[in-house]
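Undergrad: The structure follows.
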Amino acid sequence: MPIINIYDYDKIHNINEKRVWEILIQLIENDESICTCRDCILDLVAITLNNIPPHYQVNEEDFSEAYRKVSDEAILMQLINAAEIVKKNPHHL
Ligand SMILES: [Zn+2]
């Protein structure tokens, strides 16, 4: 049996992706000026994820706050900054 199984790669998760989505939901509930169309939301998440460090873990459920490399507040600030960028140059039609 090989030591490295390429099919195990899908067990590695950037847990910051999940955190960005969760914080984004809170943000759009409180800021009606943010366009929630597919194009704008995907741009917003992509910009935010490019501006925070990734945090890879093997098990998505085995997630401890103590190991977070970036705070919820820092993610929120990056989302707010990304929302301003998207508002100025939206890709929606
Ligand atoms: Zn839009």
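What follows is calculated from the coordinates using simple rules that are stated; it is not laboratory data. Predicted, not measured: the structure shown is a model, and the values here were computed from it. Glycine gets a Cβ as well: all are built from the backbone with ideal geometry, and neighbour counts include every protein chain shown.
Undergrad: Quick one: Kirkwood hydrodynamic radius for the chain, alpha-carbon pairs, angstrom, one decimal?
TA: 14.6 Å
Undergrad: Taking other Cβ within 10 Å of each residue's Cβ, how do Thr48, Thr36 sort, fewest first?
TA: Exposure proxy ranking, most exposed first: Thr36, Thr48.
Undergrad: Still on this structure, I have one more. Relative contact order for the chain using alpha-carbon pairs under 8 Å, separation at least 6, rounded to a whole percent?
TA: 42 percent
Undergrad: Please enumerate, by chain and number, the lysines with C-alpha under 18 Å from the C-alpha of Lys69, excluding those fewer than 8 residues away in the same chain.
TA: In chain and number order, the partners are Lys18.
Undergrad: Further question: How about Lys88: which lysines have a C-alpha closer than 18 Å to its C-alpha, ignoring those fewer than 8 places off in the same chain?
TA: Result set, ordered by chain and number: empty.
Undergrad: Given the rule -39500 (n - 2.57) for each run of at least 4 DSSP H residues, summed and divided by the residues of the chain, what is its mean residue ellipticity at 222 nm, to the nearest 500 deg cm²/dmol?
TA: One gets -16500 deg cm²/dmol as the mean residue ellipticity at 222 nm.
Undergrad: Out of Ile41, Ile12, Ile80, any idea which swings most in a Gaussian network model of the chain, alpha carbons joined below 10 Å?
TA: Among Ile41, Ile12, Ile80, the largest mean-square fluctuation in the Gaussian network model of the chain belongs to Ile12.
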